[in-house]
1. Show me, for the stretch 80-96, the HN-Hα J-couplings you get by feeding each phi into the Karplus relation (A = 6.51, B = -1.76, C = 1.60, θ = phi - 60°), rounded to Hz, glycine and proline as x.
2. Based only on other Cβ atoms within 10 Å, what is the fewest-to-most ordering of M99, M49?
Amino acid sequence: MAADFVGAGWGFFPLRTDVTGRIVLVTDEQEVEESIRLILATSPGERPMRPEFGCAIHDFVFAPADAATAGQIAFEVRAALGRWEPRIDVLDVRADFSMADEGTLHIEIGYRIRGTNDPRNLVFPFYVIPTHEAIPGYETTEPEGAL
């Protein structure tokens, strides 16, 4: 791998310091992985100086856990990584809803760092609001005059 292509960056998730108090730098594959996590964890509009940065998966926190939502999430992940992480080729994106009842959706991303023949996998946990059964005797209605 060409280290100058991948580069080095601050270690995130969380920001870390070494024993001398300096900010930890990550390199090579770890730098790319942390960059992917940072892109997916950032909602567009969250950064005032770069409002387009991030991934729109956060729009699906209240979405139903179904095939349509999985397709939309996969599309948003591919679009965000294609725009913000030019060092990788995204090979596959899948949304695993097996733990949705517990409030967790796993986004499985297969990718390859460009210039290598080393496929990699990253599982990003995305937290959703699980659906609940209606409470007997409690009705939800629109207030009068609501559109």
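FYI, it's all coordinate maths here, none of it is from the lab. What you are looking at is a predicted structure, and each value in this text was computed from that prediction instead of being measured. In this analysis, Cβ positions are derived from the backbone assuming ideal geometry, glycine residues included, and neighbour counts consider all displayed protein chains.
1. Along the stretch 80-96, the couplings run 5, 5, x, 7, 9, 10, x, 7, 10, 10, 7, 9, 7, 9, 9, 10, 9 Hz.
2. Values: M99 14, M49 5.
By the 10 Å Cβ count, ascending, the order reads M49, M99.
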